[in-house]
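Report on one structure; see the data block that follows.
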């Protein structure tokens, strides 16, 4: 087996991944896509899955989940703050003309392996704290005045979410850091 991550060892999954799979199976059953006995069998496989491949086998041939609409958080001035155990949507739009933005994703619940955050900052500052094992991509972010501050860690653990940050900043500044714990 190669050391390349695309053909390397299976990626381990966590309880959140199993919960998302269980919800998807329940929705497929409620929609009439699978029979009760098949749902029981697949649910057992999903709840005992250890890798992404095991989970994919339990979800095989199910219809794709419905696309979640983008969530928007906006403020003209003032503060936008999210922290604690909040559910991060697949796409999050954050707009602030003059205020400060602080998104703490370190204890957030991710229902998707990839999350897109679209920033629209005027002259305020934004600080985003991501989980230790997250992969962050800020390549699509356009900075008007100051470049975003982000230093990727030397090593990230397997199974973390990918967070893609895009959008535009006027005179604001973005600081992205990984949680320490």
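Bear in mind these aren't lab numbers, they're just calculated from the coordinates by the rules spelled out. The shown structure was predicted, so the numbers you read here are calculated from the model rather than taken from an experiment. Here the Cβ is made from the backbone with ideal geometry for all residues, glycine too, and neighbour counts use every protein chain on show.
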(message) Under 10 Å, Cα contacts only: if you run a Gaussian network model on the chain, which one of 78, 99, 160 comes out with the highest mean-square fluctuation?
(response) 78
(request) Go ahead and estimate [θ] at 222 nm for the chain from helices alone: -39,500 (n - 2.57) per DSSP H run with n ≥ 4, summed, over the residue count, rounded to 500. (result) -6000 deg cm²/dmol
(message) Test of understanding: ordering 169, 39 by Cβ neighbours within 10 Å, fewest first, what list do you get?
(response) 39, 169
(message) If I take every Cα pair under 8 Å that is 6 or more residues apart in the range 71-178, average their sequence separation and divide by the length, what percent do I get for the relative contact order?
(response) 28
(request) Give me the Debye-computed log₁₀ of I(q)/I(0) at q = 0.11, 0.16, 0.17, 0.21 Å⁻¹ for the range 71-178, equal point scatterers on Cα only, no solvent, two decimals. (result) -0.30, -0.64, -0.73, -1.12
(request) With Cα extents along the principal axes in Å in mind, check [x] 64, 38, 33; [y] 57, 40, 26; [z] 51, 36, 32 and report the label derived from this structure. (result) [y]
(message) Suppose a student asked you for the relative contact order of the range 10-128, using Cα pairs under 8 Å spaced at least 6 residues apart; what percent would you report?
(response) 21
(request) Among 48, 162, rank each residue by its count of other Cβ atoms within 10 Å, from fewest to most, as a rough exposure measure. (result) 48, 162
